[in-house]
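Engineer: Sharing a structure with you now.
The values are calculated or read from the model by the stated rules, or taken from the named source; none is laboratory data. Note that the structure is a prediction, hence the values are computed from the model and not measured. Using ideal geometry, Cβ is built from the backbone for each residue, glycine included, and neighbour counts are taken over all protein chains shown.
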């Protein structure tokens, strides 16, 4: 098997496992909506990935590249630009909200 095929196989397997874990967590969260543990809290989520999970929040660093203007933020509930290089929430935002 070529090395490229091994990488593709590994990425496909990782994707399938991630989706199945996400779906099981989603179904569990839907069935337990009325039961929330009072001691369940997550203070941070670290995500290692590429530009598809990078919100690009750079308001706290000195740079000429800012995103505090339209169209950024147009799909947020407040329709206000937040300094993120995206017009709405990312998959990681939804996962973070789900495991909160």
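Results for (1) without any contact (Cβ under 8 Å) to a residue 60 or more places away in the chain; (2) within 30 Å of residue 25 (Cβ to Cβ); (3) not in a loop (DSSP other than H, G, I, E, B), shown as yes or no for each residue.
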| residue | (1), (2), (3) |
| --- | --- |
| 56 | yes, yes, no |
| 62 | yes, no, no |
| 65 | yes, no, no |
| 70 | yes, no, no |
| 73 | yes, yes, no |
| 77 | yes, yes, no |
| 85 | yes, yes, no |
| 94 | yes, yes, yes |
| 97 | yes, yes, yes |
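Engineer: Could you tell me how many of the residues in region 55-82 are modelled with pLDDT of 80 or more and within 16 Å of the chain's Cα centre (by Cα)?
Structural biologist: Total meeting the criteria: 3.
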